[in-house]
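Visitor: This is the structure I have questions about; it appears just below.
The values are calculated or read from the model by the stated rules, or taken from the named source; none is laboratory data. Note that this is a predicted model, so its numbers are computed, not measured. For neighbour counting, all protein chains shown are included, and Cβ atoms are generated from backbone atoms with ideal geometry for every residue, glycine included.
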Amino acid sequence: TPMEAAVVARAYGIPVLERRLAKSPEEAAKIADEVGYPVVLEVESPQVIHKTDVGGIVLGVESREEVIKAYRGILDSVRANVPAAEIKGVIVRRMAPSGVEVLIGMHRDPSFGPVIAFGSGGVLVELVRDVSFRVAPVSLEEAWEMVRETRAYRILKGFRDQPECDMDAVVDVILRVAKLATDIEEISDIDVNPFFVYEKGRGGLAIDVKILLKPTPPS
């Protein structure tokens, strides 16, 4: 689940936005009051991978009343679209300041092992298809090569009037994802998307982290 994936990512030094789990609309509102508005609400369910497709996420919630309404709306929508979903609650997190969106991920190929990916991120990732790959383990030099091979590099470097982004933070997360993939062979896929990259010296933040495990063979 997203909560479990965030715990694993943090253990490997990947900066992940803090998220807290609410089991009721009132608890969600209390958390939102504590973390500060605006907030994001998203369903916590092992069966819901793409939350946007099933109405499992609401962005930019500005008040206690809106939180309660959004919580109930998420549950209704997910139950309607994924009737078999086990809903563990709703995650509440603050809205992160926007940055340049990139993706960092891993897929465990049956022939090559863990293949690390970097490229342009966000919801348009499948349309843009701006990705470079390396087989783990990945060296510092290879991680930099991955970044420079993509069109995203032009934006990160400071496109037109935009400031240069913190590419050191990006390279660091590529190396940490590769380490996680080589350490834990039970992981089949890692998806850090989007990873918001801020101005040089300000780091970055993983907004969404997904970790999938290999299917357990029948006993």
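Visitor: Which one is farthest from residue 7 (Cα to Cα) among residues in the range 176-195 that are β-branched (Val, Ile, Thr) and not in a strand (DSSP E or B)?
Guide: Ranking the qualifying residues of the range 176-195, first place goes to 182.
Visitor: Any residue in the range 29-48 that is touching a residue at least 12 places away in the same chain (Cβ under 8 Å) and assigned to a helix (DSSP H, G or I) sitting within a Cβ distance under 9 Å of a residue that is crowded, with 22+ Cβ neighbours inside 10 Å and among the polar types (S, T, N, Q)? List the pairs, counting only those 6 or more apart or interchain.
Guide: Hits for this filter: zero, empty list.
Visitor: Turning to a different aspect of this structure: Cβ-Cβ under 7 Å, sequence separation 6+ or interchain: first residue in the range 52-74 and surrounded by fewer than 19 Cβ atoms within 10 Å (Cβ to Cβ), partner acidic (Asp, Glu) and assigned to a helix (DSSP H, G or I). Which pairs?
Guide: 64/33
Visitor: Taking only the range 21-46 into account, find how many residues are of a type in the set (S, T, N, Q) and surrounded by 14 or more Cβ atoms within 10 Å (Cβ to Cβ).
Guide: Matching residues across the range 21-46 total 1.
Visitor: Name the residues in the range 196-209 that are assigned to a strand (DSSP E or B) and surrounded by fewer than 16 Cβ atoms within 10 Å (Cβ to Cβ), would you?
Guide: Hit for the range 196-209 is 199, nothing else.
Visitor: Mind telling me which of the residues 94, 79, 10 ends up being in contact with a helix residue (DSSP H, G or I) (Cβ under 6 Å, 6 or more places away or on another chain) and either among the charged types (D, E, K, R) or without any contact (Cβ under 8 Å) to a residue 40 or more places away in the chain (or both)?
Guide: On inspection, the qualifying residue turns out to be 94.
Visitor: Is it the case, given these coordinates, that residue 154 is modelled with pLDDT of 95 or more, out of contact with any strand residue (DSSP E or B) (no Cβ under 6 Å at 6 or more places or on another chain), basic (Lys, Arg) and surrounded by fewer than 17 Cβ atoms within 10 Å (Cβ to Cβ)?
Guide: Here the answer is no, as residue 154 does not meet what is asked.
Visitor: While we're looking at this one, here's another question. With more than 23 Å from residue 18 (Cα to Cα), under 17 Å from the mean Cα position of the chain (by Cα) and either surrounded by fewer than 16 Cβ atoms within 10 Å (Cβ to Cβ) or small (Gly, Ala, Ser) (or both) as the only criterion, which of 139, 188 stands out?
Guide: Working: 139 fails: under 17 Å from the mean Cα position of the chain (by Cα).
That would be 188, the only listed residue that is more than 23 Å from residue 18 (Cα to Cα), under 17 Å from the mean Cα position of the chain (by Cα) and either surrounded by fewer than 16 Cβ atoms within 10 Å (Cβ to Cβ) or small (Gly, Ala, Ser) (or both).
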